[in-house]
Amino acid sequence: MTTRVRLRDNPKAVTLLWVIGVVTLAGSAAVAITLGPAGLSVGEVASIVVGHLGGTAADVTPIRDGIVWDLRLPRTLLAALCGAGLGLCGAIMQSLLRNPLADPFVLGISSGASTGAVLIVILGVGSGVIGLSSGAFIGAVISFALVLLLAHAAGGTPDRVILAGVAATQLFSALTSFIVITSADPEQTRGVMFWLLGSLGGADWLDVALCAAVVTVGLVVCLTHSRALDAFAFGEDAASSLGVNVWRVRVVLLLATALMTAVIVSVAGAIGFVGLVLPHAARALVGPSHRRLLPASALIGSIFLVWVDAVARTAIAPQELPAGVVTALVGVPAFAVILWRRKARP
């Protein structure tokens, strides 16, 4: 415990952690791109990327160039961005609700976003990633509004919020299944259900650009409210007495969380447990200060989901596992540990 506290309070140690984290993310992405049926080296990947960025063209076949630039690179970048967004959303929700079990998946936001996105796909209302994101955002806001309403009616305690989130998750999951079964053909149903489990297989550069823009804006918005989030740790009354506009901060951050979740769901499906588990790992490394916690959660989430996607692509090749299956296999045991630690507290 003493070592961890010293690490948190030592600026040089924290800086070293950031350097290690960024290098780990870059190395993880480079290695992940090489994995797959067509074996590639890190050097080949680097030369192809440099060639597309205006450097000397890589001496590789067009097929290998397309594998890197059109398939694996956007997929890996999208995995990193989705992991960053989910980790950030989890840290925000756990702080706002003062509950270590809060995240977009547990609180029904992902399920609501999935329902909105599926409505766009099945009913053909709108088109493209922007249309999916709009539908997912509306579904996410409706779902979370329902959660807050149910929790308020039940007493408004953090435990009631979690229970309301479980109820909303089941409701919107059932609505999504009903829409798919009654409105889609068998082939469309198969594709939508695989996507709902979380899949980065359809990643393209438009997805990467949209997700990068939304997650970057979300991170900036959240960082500008880091001091307010620190005050929330002492409760809403204490935050208000410190001059924090509790209602405004809550609305802004919840809308930012809903928007990030909606975009991530629209491009990658519902990937659970990333926002639940990884903020706890970040908090253990850099402490509770949100100025450090928020970017740390995003960085750790990026690294984690890059490797999750790599495992999903290669574990049972030539078939592919949904990313949500892999995160659940890791997240469920971690969720159990969090529950056990809460029970063990006096």
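The chymotrypsin sites (Phe, Trp or Tyr not before Pro) of segment 199-277 meeting both criteria, a DSSP state outside H, G, I, E and B (loop) and at most 15 other C-beta atoms within 10 angstrom of the site's C-beta, are PHE234.
What number does the chain give for Rg over Rh if you use C-alpha atoms and the Kirkwood radius? If you can, show how the numbers build up before the last one.
On the way: Rg = 20.4 Å, Rh = 20.8 Å.
That ratio is 0.98, to two decimals.
Ranked from the most accessible area to the least, with a 1.4 Å probe and all protein chains present, what is the order of ASP207, ASP230?
If we order ASP207, ASP230 from most to least accessible, we get ASP230, ASP207.
The Cα center of segment 236-302 and the Cα center of segment 78-119 differ in position by 9 Å. Of the candidates SER110, SER240, SER302, which one comes out as most mobile in a Gaussian network treatment of the chain with C-alpha springs shorter than 10 Å? Looking only at SER110, SER240, SER302, the largest GNM fluctuation is found for SER240.
Which percent of the accessible area of the chain is formed by carbon and sulfur heavy atoms (probe 1.4 angstrom)? It would help to have the intermediate numbers written out before the result.
Details: 11190 of 16090 Å².
For the chain, the apolar C and S fraction of the accessible surface comes to 70 percent.
In segment 46-151, Cα pairs under 8 Å separated by at least six residues give a relative contact order of 18 percent. Helices in the chain, meaning DSSP H runs of at least 4 residues, each add -39500 (n - 2.57). Divided by all residues, the mean residue ellipticity at 222 nm is -26000 deg cm²/dmol. Between the residues VAL251, ALA310, SER183, the greatest Cα displacement towards the positive end of the dipole of the chain, with unit charges on the Cβ of Lys, Arg, Asp and Glu, is found for VAL251.
Find the relative contact order for the chain and round it to a whole percent, using C-alpha pairs within less than 8 Å whose residues are 6+ positions apart. Spell out each step's value before the answer.
Numbers: 521 pairs, mean separation 95.1, N = 346.
Relative contact order here is 27 percent.
Once you order the gyration tensor axes a ≥ b ≥ c over the Cα atoms, which shape class does segment 233-309 get: rounded for a/c under 1.5, otherwise prolate or oblate by comparing a/b with b/c? Before the final figure, lay out the partial values.
Values: a/c = 3.11, a/b = 1.49, b/c = 2.09.
Oblate is the answer for segment 233-309, as a/c is 1.5 or above yet b/c matches or exceeds a/b.
Under 1.5 on a/c is rounded, so check that first for segment 193-346, then, if it is not, pick prolate when a/b is larger than b/c and oblate when it is not; a ≥ b ≥ c are the square roots of the alpha carbon gyration tensor eigenvalues. Before the final figure, lay out the partial values.
On the way: a/c = 2.45, a/b = 1.49, b/c = 1.64.
Taking the square roots of the gyration eigenvalues as a ≥ b ≥ c, segment 193-346 is oblate.
In sequence order, segment 298-307 has phi-based couplings of 5, 5, 5, x, 4, 4, 4, 6, 4, 6 Hz under the Karplus curve 6.51 cos²θ - 1.76 cosθ + 1.60, θ = phi - 60°, and Gly or Pro positions carry x.
Placing unit charges on each Cβ (+1 for Lys and Arg, -1 for Asp and Glu) gives segment 54-122 a dipole about its Cα centre, and among TRP69, ALA91, ALA117 the Cα reaching farthest toward its positive end belongs to ALA91. Give the accessible surface of the chain per residue, rounded to a whole number of Å², with probe radius 1.4 Å and ligands, DNA and RNA excluded. Here the residues of the chain average 46 Å² of exposed surface.
The values are calculated or read from the model by the stated rules, or taken from the named source; none is laboratory data. Worth saying up front: this structure is predicted, and the values here are computed from it rather than measured. Neighbour counts run over all protein chains shown; Cβ positions are idealised from the backbone, glycine included. These accessible areas exclude ligands, DNA and RNA; they are computed on the full protein's heavy atoms, side chains included. Shrake-Rupley method; radii C 1.70, N 1.55, O 1.52, S 1.80 Å.
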